[in-house]
Amino acid sequence: MATSRPYTLILGVIGADVHVIGITILAHALREAGFNVVNLGIMVSQEEFIAAAIEVDADALLVSSLYGHGEIDAEGLRDHCREAGIGDILMYLGGNLVVGKHDFKEVESKFRDMGFDRVFPPGTLPDDVLAWLNSDLASRAARVEETP
Amino acid sequence: MWALLCDFGSTFTKTRAVDLGTGEVIAAAQAPTTARSDLSEGLGRAISALDVEASGEPAVRLACSSAAGGLGMVAIGLTPTLTGEAARQAALGAGAKLLRSYSHRLTRADVAELEQLAADIVLLAGGTDGGESTIILGNARMLAASALSAVIVYAGNRQCADDAAEVLRAHGKHVEVVENVLPELGVLNIEPTREIIRQMFMRHIVHAKGLDGVQARFADVVMPTPMAVLEGAKLLAEGMARRVGWGDLIVVDVGGATTDVHSVAEGTPSQPGVVWKGLPQSRVKRTVEGDLGIRINASTIAERLRGDRKWRHHLEGLEESWIDEQAASLARTVERLPASAAERSFDAGLAAAAVDIAVSRHAGRIERYWGPDGAVRVQRGKDLSSVRSIVGTGGIFAHSEDAAGVLRAALYRSDEPDVLRPRDPRLFLDSEYAMASAGLLARAYPESALMLLERTLKETA
Ligand code: B12
């Protein structure tokens, strides 16, 4: 079944992080692009991300972390989603993920191992996010259509 | 012109004749609610004790009821923190006794339990509008296939409301569909649900509980008693065109089986730099503490009294064994009034502890998260620190010599600085049970209701 309704995205800044600017810009850009955006704002706990995603039947979780504690804050998120029955939800992570300068490839593979489908480096522009979302969501929709 | 107002309680039926021009209570009487025989018997006695012969027929006859178990409800949501909590708030705000709440997918064991609970109304919520739909539809199917005879109020995702209602109706269930209690995240919408629950109570539940004999002969039972208290509180806070209200307030109702707290306040953070999290709060909110009835739960509350330095003085000079026996005996004889000085002091202690704990649970609180930058503060629930008035209603505030002391237990505690309780409110005692009477009058005669409250609520230091 091809859905005519827009995709629903949950956005939020995880943990005790108060950097609100990036997520606000991102939410605005994605809304402009036609997505149904639920922006949970700053200081969002894993439980809040998950409960929100369940109630609105979200297609993707976009997790932001700027203050350098992303690893602790996002630990176990994928497993918690699985426990809550939304284990295969599309999950992105972006912002400023670790303290200090690191090779981004290392950072990326660490967070991908934690269950994020895509990990974005500092300074990622909304257009890049949009392009990835469109292609990932489209290929997921195609996969669903294939399975009888 | 006068109104005949009646409150069918589980033990007593209270009647009031109120002058609609002045808000004065012309006459008041009470008689035991003879629950097992016809309620109107007790009522007949109460009315004949009223001295209103000179005033002719009443202009209006209204009643509220918590008799025959009150309005028993079950709330079902999707996640416990979102639609589950929204459904619970809606049911409590409608004056229901919440028998049980469920979230996620109902299991067969859940449905078996639900059938046993014999609720009057089952509230089915889940999903925002356009959000999750398979679980609430599955739950509707489970309810449809059950032996449940309760009225089912559907207040979930409106995208699948038709499908859910259809499957329930096909199985002969009575379904009412209303707006979603949580149409989108961050928007709580419980008024339509409260209103349909009130209508169902008035049209069907009253009949099912055998109160309709009374209704035909005497007065229209229009809402459950706790809803009347809440409506009274709302009117008093908000006022009306010609009369200014009292502003943000709290009503504490200490009973034998539960302690209820009602607040009418936005509850927005008053401290700078605080982030407000969690489900949005309903401006008119009721919480019910089923473990804080000062009769039924006397023993457990007595334990709390022993453990809290602030309330321990109520136990001074009382033998440990006396306390245990007294608490046990209170639980057995629910309608009993304290006879000796020791019993009165103990009773006031129980009530103070109940008020303390119930208001602490109702109020919001500040949590600190230690970020790299130091503490970040988050508020959950309502900030009630600048609430202007607290009203105590219920037997203890009418009978106790230390009623003011009991009510003061609601105030801010310096040893719990993060609990956002009122700091400097005015304190009022409702020794006439006027809150529920005013709630009954609130729609049709708001000015009379306000005058009634202004006359009867007594300020205390
Ligand atoms: C403004 C700012 C603050 C303000 C925040 C104000 C506010 N309300 O937002 C204040 C002063 C409060 C602050 C505090 C702190 N900050 Co600061 N802050 C910054 C600063 C200067 C700019 C951040 C910003 O708004 N950028 C603009 C937006 C548009 O960009 P963005 O956030 O990166 O978001 C874009 C992309 O990254 C992407 N994106 C973001 N999230 C996501 C998520 C997904 C899924 C995707 C796909 C994309 C994506 O999309 C956005 C649009 O293009 C940065 C430095 C910098 N130049 O980045 C430091 C910085 C983020 N802060 C930092 C630190 C350490 C802190 C503090 C811990 C300590 C301190 N005293 O400064 C505290 C933490 C407080 C807390 N609990 O969160 C460090 C983080 C270090 C690290 N991670 O390695 C930085 C990098 C500064 C530095 N170089 O040291 N900060």
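Scanning region A:58-69 for residues that are more than 8 Å from chain B (Cβ to nearest Cβ) and near the ligand (Cβ under 8 Å from one of its atoms) yields A:LEU62, A:VAL63, A:SER64, A:SER65, A:LEU66. Consider region B:272-285 and keep the residues that are touching a Lys or Arg at 6+ places or on another chain (Cβ under 7 Å) and assigned to a loop (DSSP other than H, G, I, E, B). The one that is surrounded by the fewest Cβ atoms within 10 Å (Cβ to Cβ) is B:GLY273.
In summary, helices (runs of 4 or more DSSP H) completely within region B:358-461 and bearing 2 or more residues that are over 25 Å from B:GLN30 (Cα atoms) occur at B:403-408. Taking region B:325-338 as the range and being of a type in the set (D, E, K, R) and surrounded by 13 or more Cβ atoms within 10 Å (Cβ to Cβ) as the test, only B:ARG336 passes. Hey, does region B:114-132 have a residue that's at pLDDT 95 or above and either hydroxyl-bearing (Ser, Thr, Tyr) or not assigned by TED's automatic domain parsing to the domain that holds B:VAL181 (or both)? No - not one qualifying residue is present in region B:114-132.
Within the option set B:GLY245, B:GLY273, B:GLY239, B:GLY256, being over 29 Å from B:LEU350 (Cβ atoms) and in contact with an Asp or Glu (Cβ under 9 Å, 6 or more places away or on another chain) holds for one residue only, B:GLY245. State all residues of region B:104-134 that are within 14 Å of chain A (Cβ to nearest Cβ) and either touching a His at 6+ places or on another chain (Cβ under 6 Å) or surrounded by 24 or more Cβ atoms within 10 Å (Cβ to Cβ) (or both); if no residue qualifies, say none. If the condition is that a residue be within 14 Å of chain A (Cβ to nearest Cβ) and either touching a His at 6+ places or on another chain (Cβ under 6 Å) or surrounded by 24 or more Cβ atoms within 10 Å (Cβ to Cβ) (or both), then B:ALA125, B:GLY126, B:GLY127, B:THR128, B:GLY131, B:GLU132 are the ones that fit. For region A:1-55: of the residues being in a helix (DSSP H, G or I) and near the ligand (Cβ under 9 Å from one of its atoms), which is surrounded by the fewest Cβ atoms within 10 Å (Cβ to Cβ)? Checking each candidate, the answer is A:ILE21.
Rundown of residues vs (1) within 14 Å of chain A (Cβ to nearest Cβ); (2) under 23 Å from the mean Cα position of the chain (by Cα); (3) among the basic types (Lys, Arg), yes/no style:
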{"site": "B:ALA144", "(1), (2), (3)": "no, no, no"}
{"site": "B:ALA147", "(1), (2), (3)": "no, no, no"}
{"site": "B:ASN157", "(1), (2), (3)": "yes, no, no"}
{"site": "B:ALA161", "(1), (2), (3)": "no, no, no"}
{"site": "B:PRO192", "(1), (2), (3)": "no, yes, no"}
{"site": "B:ILE196", "(1), (2), (3)": "no, yes, no"}
{"site": "B:HIS207", "(1), (2), (3)": "no, yes, no"}
{"site": "B:VAL221", "(1), (2), (3)": "no, yes, no"}
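For region B:427-434, the criterion of being of a type outside the set (Ser, Thr, Tyr) and under 23 Å from B:GLU195 (Cα atoms) is met by at least one residue. For region A:4-17, the set of residues classified as within 11 Å of chain B (Cβ to nearest Cβ) and farther than 14 Å from A:ASN39 by Cα consists of A:ARG5, A:PRO6, A:GLY15, A:ALA16, A:ASP17, listed by residue number.
Within region B:10-24, the residues that satisfy the criterion of being surrounded by 18 or more Cβ atoms within 10 Å (Cβ to Cβ) and more than 19 Å from B:SER48 (Cα to Cα) are B:SER10, B:LEU20, B:GLY23.
If the condition is being out of contact with any Leu (no Cβ under 6 Å at 6 or more places or on another chain) and among the hydroxyl-bearing types (Ser, Thr, Tyr), then region B:382-428 contributes B:SER386, B:THR393, B:SER400, B:TYR412, B:SER414.
Take B:TRP322 and tell me if it is aromatic (Phe, Trp, Tyr) and in a strand (DSSP E or B). In short, no.
Can you give me the number of residues within region A:83-127 that are part of a helix (DSSP H, G or I) and near the ligand (Cβ under 8 Å from one of its atoms)?
Initial filter on region A:83-127 (part of a helix (DSSP H, G or I)): A:83, A:104-113, A:126-127.
Checking which are near the ligand (Cβ under 8 Å from one of its atoms) leaves us with A:126.
Final tally of qualifying residues: 1.
The values are calculated or read from the model by the stated rules, or taken from the named source; none is laboratory data. Since the model is a prediction, treat every value here as computed from it, not as a measurement. Glycine gets a Cβ as well: all are built from the backbone with ideal geometry, and neighbour counts include every protein chain shown.
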